[in-house]
Amino acid sequence: MLWDRVSDEQARASFRHALSELCAAMGPLAGELISAGRATVRLNTDACWIDVIALLESSSSNSTRSDLAVLCAGELLEELAGTSASFDQWLLRERKRFNEKLKGPLESELRKINEPGSDAKHVAAIARRLTAFDPTHEGASRALMRALASMGERAEALREYDRCREVLRKVLNVAPSSESKGVYEAIRTLSERKNRKNRATAGAASMEHLGATETRQLAPSRGRLRVGVLPFDAISSENEGNLAFSLSHEIAAALSRFRWFDVITPISMMRKPLANFVTEGIRRNQQLDYAVDGIIAQQGKCLNISVRLLDLAGAAKPVWSDRFELALDELHRLNEMVVARIVASIDPVILFIEGQPKRKERYGATGLLFLAIPLIYSMERRKFEQAGDLIKQALEIEPENTMAVTLAAYWHLWHVGQCWTADNARTLSTVETLCLRAMELDPDNSEAMGIYAYTLAWKKEFDRSVRFFDRSLRLNPNLAYIWALSAATYCYIGEPDSALTRLGRYRDLAPLDPYYGFFENAYTIAYTFKRDFERAVVVGRRVVKANPAFINGYKPLIASLGHLGRRDEARPYVEKVLSLEPDFTIEKFAQSYPFKLGKDRRSYCEGLRRAGVPQR
């Protein structure tokens with residue numbers, strides 16, 4: 001993962017060098033700490049102390065959690081982001097798993113004991129440990145305020161509110177929720193009362209009411225995600241303020257072209273004070289699921305733009321961020337250099353997060369579709385069929401859900417790509433019908449239009465395919481994966497250089513696409529058609545390693561190895577393809593694969609022949 005952009009040989013050399021440096025840094029302890037065999041390297045965790053492991057293991061014995069939480073502040077492996085695409089994908093998943101594993105036991109315990117009549121000291125202890133790990137956790141802060149008030153420490157409870165308010169402002173740039181403010185106001189009112197009896201009665205009632213509201217669960221109420229774009233902030237001048245608002249408006253407009261979520265624009269969010277809108281809308285009414293915010297600051301002759309995406313399920317937390325620098329004399333390129341990259345990055349991040357199983361209950365049919373997407377990209381037959389069942393269920397719930405119809409078309413299309421259909425023409429006809437249905441339901445559905453264009457390419461209607469790709473990308477030029485599909489089509493029509501240009505646009509728009517390992521196959525195809533077989537092999541190896549069940553990932557790799565005369569190296573790949581597609585032959589491939597030019601068909605098939613693929 002760390003060296004995913006070089007050949008296996010170079011990666012092994014880099015790994016050996018890194019391991020050598022690591023052992024040298026360990027000095028005389030290296031032999032005790034690190035052991036290596038032909039295929040494995042192991043760290044003896046019994047001989048060293050690791051902060052993350054200690055933090056997780058302290059879940060059953062909480063005496064040291066607060067100290068460890070302070071020590072382990074920040075993101076997991078914070079300084080390693082951006083090392084490589086593969087590692088970033090792993091790191092995103094690992095951070096999410098780690099945070100959930102760490103917060104889960106404490107949140108569960110807090111929910112269990114945070115009831116009227118519970119031991120306030122116990123509640124306060126658990127809440128303090130949770131806020132030590134996550135200072136922005138409003139649920140824990142409210143529980144702590146109530147517990148402190150119940151113990152008579154109302155001044156300390158009010159100070160906890162001040163702490164929570166300040167950390168929310170600094171970290172998330174939001175105000176405390178109306179629920180937190182309600183707890184604060186109730187405690188403050190109690191503190192000001194002179195009559196002890198009235199104060200005690202009112203305090204018990206307030207605490208009981210607030211405890212009940214804390215345990216209330218938000219119920220699913222709608223079938224689509226809502227993404228809010230907050231008005232961006234500017235550090236200094238009025239001109240920057242105008243630009244900040246314009247930028248947030250452009251981002252909202254670009255995001256609205258994605259058809260599977262609703263966008264709340266900055267103008268809508270200015271109808272009431274920003275803090276109130278965010279806290280009430282998110283925490284109480286479920287108006288938003290994600291929010292985009294940012295800051296613009298001028299430094300010399302450049303603008304620095306910082307943007308982040310907040311996941312608002314539970315406690316608001318950043319899940320993606322980026323920084324852009326734009327020269328003042330290039331403001332005319334703001335959409336190209338900033339807006340496009342922001343919205344194209346946000347789309348796959350939300351899809352990835354919503355594809356996690358625990359999110360599905362919130363959104364009915366759409367939630368089922370989010371679950372189906374990662375199963376499709378696995379290209380494993382069992383998981384792929386599960387994805388089909390989920391899509392079918394979504395269509396039964398909402399027959400006119402355009403995302404469901406579009407994803408159904410995409411699912412059938414890859415049945416052809418994976419050679420899992422006995423009748424390609426019939427399956428492609430089904431795909432075409434579904435795409436046309438999606439475009440009928442939503443004439444501006446650029447995803448359906450792009451999938452339809454790719455279907456036309458597989459039907460060898462190349463001119464129509466190119467036209468529909470152009471229409472799709474005019475409607476939404478920030479659909480990264482449609483750029484990748486169009487690149488593959490430009491290979492089929494014999495224009496690999498144009499394909500590589502389009503792939504460059506795909507990578508520029510979505511550098512951290514969680515499914516990059518899948519779409520990277522278009523690079524292998526492009527280099528194979530370009531007759532750059534060495535580079536095709538380097539990329540092709542990565543593709544099949546990342547997606548071992550993806551049948552068409554092997555074929556350009558095998559053809560390129562054949563042209564390089566490396567038949568022995570190609571043999572295991574040929575065997576793997578034949579295990580996945582037993583009737584794979586050169587003759588069948590030549591008839592079904594969408595070549596436009598005879599010379600490309602002959603070259604590709606010659607490579608397969610030299611690699612040892614059966615002729616018929």
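Some notes on this structure:
- Scan of region 293-346 for residues that are surrounded by fewer than 17 Cβ atoms within 10 Å (Cβ to Cβ), closer than 23 Å to residue 170 by Cα and more than 24 Å from the chain's Cα centre (by Cα), ordered by number: 297, 298, 299, 304
- Residue within region 381-399 that is farther than 23 Å from residue 91 by Cβ, touching a Gly at 6+ places or on another chain (Cβ under 7 Å) and surrounded by fewer than 21 Cβ atoms within 10 Å (Cβ to Cβ) present: yes
- Entry remark, region 463-475: residues being surrounded by 24 or more Cβ atoms within 10 Å (Cβ to Cβ) and either within 20 Å of residue 342 (Cα to Cα) or out of contact with any helix residue (DSSP H, G or I) (no Cβ under 7 Å at 6 or more places or on another chain) (or both) number 1 in total.
- Filtered residue count, region 477-498, keeping only those that are surrounded by 24 or more Cβ atoms within 10 Å (Cβ to Cβ) and not in a helix (DSSP H, G or I): 2
- Note on region 358-460: enclosed helices (runs of 4 or more DSSP H) holding 1 or more residues that are modelled with pLDDT under 90 are 364-378, 381-397, 402-417, 424-441.
- The helices (runs of 4 or more DSSP H) located wholly in region 515-576 that include 2 or more residues which are over 24 Å from residue 88 (Cβ atoms) occupy 521-529, 533-546, 551-563.
- Scanning region 499-538 for residues that are farther than 30 Å from residue 338 by Cβ and among the aromatic types (Phe, Trp, Tyr), we see that the one that is surrounded by the most Cβ atoms within 10 Å (Cβ to Cβ) is 529.
- From the list 556, 548, 572, the lone residue that is more than 20 Å from residue 520 (Cα to Cα) and either assigned by TED's automatic domain parsing to the domain that holds residue 8 or free of Cβ contacts under 8 Å to residues at least 60 places away in the same chain (or both) is 572.
- The selection criterion, being part of a helix (DSSP H, G or I), hydrophobic (A, V, I, L, M, F, W, C), loosely packed, with under 12 Cβ neighbours inside 10 Å and out of contact with any Ser or Thr (no Cβ under 6 Å at 6 or more places or on another chain), holds for residue 25.
- Within region 541-563, being within 24 Å of the chain's Cα centre (by Cα), buried (at least 24 other Cβ atoms within 10 Å of the Cβ) and closer than 15 Å to residue 488 by Cβ holds for 543, 553.
- Hits in region 67-98 (condition: at pLDDT below 70 and not in a loop (DSSP other than H, G, I, E, B)): 67, 68, 69, 70, 71
- Qualifying position, being within 35 Å of the chain's Cα centre (by Cα) and within 27 Å of residue 423 (Cβ to Cβ), among 581, 587: 581
- Test for residue 327: is it outside the structural domain of residue 305 (by TED's automatic domain parsing) and either under 21 Å from residue 546 (Cβ atoms) or modelled with pLDDT of 85 or more (or both): no
- Residue in region 440-462 that is surrounded by the fewest Cβ atoms within 10 Å (Cβ to Cβ), counting only those that are farther than 23 Å from residue 597 by Cα and either in the same structural domain as residue 260 (by TED's automatic domain parsing) or within 26 Å of the chain's Cα centre (by Cα) (or both): 444
- Hits in region 412-439 (condition: under 28 Å from residue 255 (Cβ atoms) and more than 27 Å from the chain's Cα centre (by Cα)): 436, 437
The values are calculated or read from the model by the stated rules, or taken from the named source; none is laboratory data. Source: prediction; values computed, not measured. Here Cβ is always computed from backbone atoms with ideal geometry, including for glycine, and neighbour counts include all displayed protein chains.
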